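*Asks:* Got a structure here, written out as structure tokens. Questions coming.
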Amino acid sequence: MANPLLINLSFLIAEPTGIATYANNIIPQLQPLNPTLLVSQEVDPYRCYQVPADMTPDQGTKGHLRRILWTQFQLPAIYKKLKANLLFSPLPEAPIFSNCRYVVTVHDLIPLRFPKRFSRLTAYFRHYIPQVLTQAEHIICDSTATANDVTNFFNIKPEKMTAVPLAYDAENFRFLDLPASNYFLYIGRHDPYKNLHRLVEAFAALPNFTDFELWLAGPADRNYTPELATHIEELGLSEQVKFIGYVPYEKLPVLMNQAIALVFPSLWEGFGLPALEAMACGTPVITSGRSSLPEVVGDAALLIEPYNVREITEAMVTVATRSGWRTRLRELGLARASQFSWAKTGKNTAEILKRYI
């Protein structure tokens with residue numbers, strides 16, 4: 001029996017984040033294409049083909065390497081055995097130097113924009129991904145900004161790509177009409193490109209900053225977080241800036257709803273999901289006027305130049321002291337967020353895949 005469309009889900013983990021969340025949300029919209037899922041465990045009601053379970057991010061570098069080797073040396077045989085006509089990969093991994101036809105999704109090229117010394121990811125993005133994208137039938141990108149990066153870094157023609165925006169969980173992220181608390185909120189990893197040093201400097205410059213707190217939610221980094229903590233201490237902010245760590249998914253909406261604003265001054269994003277989720281909660285958003293973020297927030301947020309600490313401070317002052325602005329940003333954010341849905345993301349993805357099956 002022929003299986004025209006294969007979907008490579010060999011990277012899926014039990015508690016999905018990031019790319020796995022993206023995949024889980026669009027797969028239901030692809031069901032009319034009758035795909036075969038390449039997965040380690042059965043997924044009802046789909047046709048599935050079992051693959052090894054030791055190739056996920058849970059296994060760290062070893063899992064990543066096993067998945068790359070499996071993709072190159074085992075996946076082409078599976079493609080042929082199942083008489084497939086197209087492979088869809090929700091991340092930019094596919095067999096190279098084979099006869100497999102495929103469409104892949106690129107989420108960002110952060111490791112190339114902000115390379116880290118001795119990082120295996122940098123080599124992966126410099127040498128493997130360009131070949132994958134060159135051979136792809138088509139490339140889906142989270143944003144026009146990411147598509148532009150693919151063109152600039154790899155010289156891929158724009159007509160070979162389609163920007164398909166991500167979405168959010170509308171059942172979880174919603175306006176709860178809770179009283180605002182006294183904290184500004186950042187959500188995301190601790191990483192130099194997230195611009196947290198300038199964020200805490202901007203917070204330190206607030207008039208009467210002791211009236212407020214800055215909560216940093218997200219996983220720590222063993223190298224960067226200690227540097228950031230030292231910087232906070234040097235600025236005299238140890239009482240006002242709180243590291244609250246990873247926040248369970250179901251607790252994020254209350255955290256967002258009660259914040260004065262989400263401050264997300266990242267230097268670059270492939271999409272910027274926290275900004276969209278905050279708007280869906282009616283929380284004012286302060287974010288960068290760079291990369292994909294203007295595509296996500298439109299006119300529903302205060303856009304700042306992320307390298308300009310004074311601009312970040314002024315935006316925080318505006319939201320904290322002017323209730324009219326908070327109301328306006330809440331209304332604009334809720335309206336903007338309503339334009340995004342996983343159903344729309346999945347439908348647009350399905351339309352692209354149909355052209356190549």
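*Asks:* Taking GluC sites (Glu not before Pro) as candidate sites, keep only those in a DSSP loop with at most 12 other Cβ atoms within 10 Å, then name the longest stretch of the chain containing none of them. Provide the component values of the computation, followed by the final result.
*Replies:* Numbers: sites that count: Glu42, Glu171, Glu239.
The reported range is 43-170.
*Asks:* Rounded to the nearest 500, what is the chain's calculated 222 nm mean residue ellipticity when only DSSP H runs of at least 4 contribute -39500 (n - 2.57) each, over all residues?
*Replies:* The per-residue figure over the chain is -10500 deg cm²/dmol.
*Asks:* Under a point spin-label approximation (7 Å from Cα along Cα-to-Cβ), what is the Ala220-Ala170 distance to one decimal in nm?
*Replies:* With each label point 7 Å from Cα toward Cβ, the separation is 3.9 nm.
*Asks:* Okay, moving on. So if I take the centroid of the Cα atoms in the stretch 80-146 and the same for the stretch 163-193, what is the distance between those two points in Å?
*Replies:* Cα centroid of the stretch 80-146 versus Cα centroid of the stretch 163-193: 28 Å apart.
*Asks:* Modelled label-to-label distance, Thr122 and Lys83, 7 Å Cα→beta-carbon offset: nm?
*Replies:* 4.8
*Asks:* Further, regarding this structure: Rg to Rh for the stretch 183-337: what is it, with Cα atoms only and Rh by Kirkwood? Provide the component values of the computation, followed by the final result.
*Replies:* On the way: Rg = 14.1 Å, Rh = 15.2 Å.
Using Cα coordinates only, the ratio equals 0.93.
*Asks:* Only one of the listed values, (1) 18.5; (2) 17.4; (3) 21.8, was derived from the coordinates as mean projected area of the Cα convex hull in nm²; which label is it?
*Replies:* Computing mean projected area of the Cα convex hull in nm² and matching it to (1) 18.5; (2) 17.4; (3) 21.8 gives (2).
*Asks:* Right, here's the next one. Give the separation of the Cα centroids, the stretch 272-301 to the stretch 306-345, in Å.
*Replies:* 6
*Asks:* Okay, moving on. Provide the FRET efficiency to the nearest 0.05 for the Glu331-Asn182 pair, computing r from the beta carbons and using R0 = 30 Å.
*Replies:* The pair Glu331/Asn182 has a calculated efficiency of 0.85.
*Asks:* Hey, can you grab everything whose amide H is under 5 Å from the amide H of Val241? Only 5+ residues off in sequence or another chain; H modelled, so Pro and N-termini drop out.
*Replies:* It is Leu214, by chain and number.
*Asks:* Looking at the stretch 306-357, which trypsin sites (Lys or Arg not before Pro) are DSSP coil and have at most 15 other C-beta atoms within 10 Å of their C-beta?
*Replies:* For trypsin sites (Lys or Arg not before Pro) across the stretch 306-357 that sit outside H, G, I, E and B with at most 15 neighbouring Cβ atoms in 10 Å, the list reads Arg322, Arg355.
*Asks:* Apply the Karplus curve 6.51 cos²θ - 1.76 cosθ + 1.60, θ = phi - 60°, to the phi angles in the stretch 331-347 and return the couplings in whole Hz, x for Gly and Pro.
*Replies:* Computed from phi, the couplings for the stretch 331-347 are 5, 5, x, 4, 5, 5, 4, 5, 7, 10, 7, 5, 4, 5, 4, x, 5 Hz.
*Asks:* Please list 3J(HN,Hα) in residue order for the stretch 181-189, calculated via the Karplus relation 6.51 cos²θ - 1.76 cosθ + 1.60 where θ = phi - 60°; whole Hz, with x for glycine and proline.
*Replies:* Residue by residue, the stretch 181-189 yields 9, 10, 10, 8, 10, 10, 10, x, 5 Hz.
*Asks:* Which cross-chain or sequence-distant (5 or more) residues have an amide H under 5 Å from the amide H of Asn172, H modelled 1.01 Å from N in plane?
*Replies:* Here nothing satisfies the definition.
*Asks:* May I pose another question? Quick one: how many lysine pairs does the chain have with C-alpha atoms less than 18 Å apart and a gap of 8 or more or different chains? Give me the count, please.
*Replies:* 6
*Asks:* Give me the number: length gained by fully extending Glu351 to Val247, i.e. 0.36 nm times residue separation minus the C-alpha to C-alpha distance, one decimal in nm.
*Replies:* 33.9 nm
*Asks:* Residue by residue through the stretch 202-207, which ³J(HN,Hα) values in whole Hz follow from phi under the Karplus form 6.51 cos²θ - 1.76 cosθ + 1.60 (θ = phi - 60°), with glycine and proline marked x?
*Replies:* 5, 5, 4, 8, 5, x
*Asks:* Taking Cα atoms, how many degrees apart are the long axis of helix 60-73 and the longest axis of the chain, rounded to 10 and kept between 0 and 90?
*Replies:* With rounding to tens, the tilt is 30 degrees.
*Asks:* Based on other C-beta atoms within 10 Å, arrange Cys100, Cys48, Cys141 from fewest to most.
*Replies:* Least to most surrounded, the residues fall as Cys48, Cys100, Cys141.
*Asks:* I've got another one for you. Is there a quick way to get the dipole size of the stretch 183-337? I mean about its Cα centre, with the Cβ of Lys and Arg at +1 and of Asp and Glu at -1; what is the value in debye to the nearest 20? Working shown, then result.
*Replies:* On the way: 13 positive and 18 negative charges, 71 e Å.
About 340 debye.
*Asks:* Stretch Tyr193-Ser323 to full length: gain in nm at 0.36 nm per residue minus the Cα-Cα span?
*Replies:* 43.7 nm
*Asks:* How far, in degrees from 0 to 90, does helix 309-321 lean away from the longest principal axis of the Cα atoms of the chain, to the nearest 10?
*Replies:* Compared with the principal axis, the helix lies near 70 degrees.
No lab work stands behind these numbers, since they all come straight from the coordinates. As the structure is a computational prediction, the values presented were derived from the model and not from experiment. Note: ideal-geometry Cβ built from the backbone for every residue, glycine included; neighbour counts use all protein chains shown.
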